[in-house]
Amino acid sequence: MRALFAAGAGGALVLAAAGRAPAQETKLDAPRPHAIGQSVSPSFEGWYENPDGSFSIVFGYFNRNFEEHLDIPVGPDNRIEPGPADRGQPTHFLPRRHTGVFAIRVPADFGEQELTWSLTAHGRTIAIPGSLRPAWRIDALREVTNGNTPPELRLAPGGEPGQGPAGVATRISAAPSRPVELSVWTTDDGLSRTRGSIRTPPGVAWSKYRGPGAVTFAEVQPPLDEDGHAVTQATFGAPGEYTLRVLAWDESGAQRAVMAGGFFCCWTNGYVTVDVR
């Protein structure tokens, strides 16, 4: 039986047998976007070596929903194995793809072991292992093409800086429904990704990472002043323990743009745990 190809509606290719009606157009079988009700996939981003000889295994996630923010507490539906289920992973998941959200430090003798992050959302469980396999090595602390490094991020004036996915962390207190000030300080080496590339202004962005209630930011992306200082405020809808994530990027571009180019540098995570009482 002879087969032929023809252009269907909108230019889609359809396959038909001679003398028979065309088959269903393939474009009708394509997945359609959903605002809510979809699963969340962990993502193993790779690993890098720390100056002390230990290693950091980096994870992100893909929330398939276009609008739904999901809260998945640490436990059976949000766990890392083996060992403690809580390794600092998020419990609040923003819509769509988020790369390099956190890093787990493992010892120098970790060898061929694996850490597996499992997430269950809307009845579907997805588990992704992370390892130190050579093919997954990333240059998170220094870009090999030009020596660019992530911005140094401080969460207090004169505080210890952090760089890269593992970043830096601190703890503060707040009261429900009363704004609390959030300040960060960044410094950078000023290098662009490549000679002649378009330089993106350095910036920071805040988001909820963990917590029992809603978090409202006065400015999600507060501007940096000439000293690399940015200030915003956060208001918490309920008492409890929260963690906020602040992402800082340098002049090579924001995190998603960097990942799209096949590199894992240069940006830094910050985590602020807030006791709201």
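Coordinate-derived values only; no laboratory data. Here the structure is a predicted model, which is why all the values come from computation and not from measurement. Backbone-built Cβ (ideal geometry, glycine too); neighbour counts: all protein chains shown.
At a glance:
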{"quantity": "Cα-projected label distance for Arg124 with Arg277, points at 7 Å along beta-carbon direction, nm", "calculated": "4.2 nm"}
{"quantity": "Other-chain or far-sequence residues with amide H under 5 Å of Thr116's (modelled H)", "calculated": "Glu81, Gly130"}
{"quantity": "Per-peptide average of other Cβ atoms within 10 Å, ordering 55-62, 143-150 highest first", "calculated": "55-62, 143-150"}
{"quantity": "³J(HN,Hα) computed for each position of region 217-224 - Karplus, 6.51 cos²θ - 1.76 cosθ + 1.60, integer Hz, glycine/proline x", "calculated": "9, 4, 9, 5, 10, x, x, 8"}
{"quantity": "Debye intensity ratio I(q)/I(0), log10, region 86-231, q values 0.16, 0.21, 0.22 Å⁻¹ (C-alpha model)", "calculated": "-1.19, -1.52, -1.56"}
{"quantity": "FRET efficiency for Phe110 and Ile172, using Cβ-Cβ distance with R0 set to 41 Å, rounded to 0.05", "calculated": "0.80"}
{"quantity": "Two-decimal Rg/Rh across region 19-178, once Rg and the Kirkwood Rh are taken from alpha-carbon atoms", "calculated": "1.08"}
{"quantity": "Contour excess over end-to-end distance, with Cα ends at Ala218 and Glu49 and 0.36 nm allotted per residue", "calculated": "57.2 nm"}
{"quantity": "Region 124-175 versus region 70-118: alpha-carbon centroid distance in Å", "calculated": "14 Å"}
{"quantity": "Order by protection proxy (mean Cβ within 10 Å, highest first), peptides 75-87, 237-249, 179-191", "calculated": "237-249, 179-191, 75-87"}
{"quantity": "In Hz, Karplus ³J(HN,Hα) per residue of region 59-67 (6.51, -1.76, 1.60; θ = phi - 60°; x = Gly, Pro)", "calculated": "10, x, 7, 10, 8, 5, 6, 7, 10"}
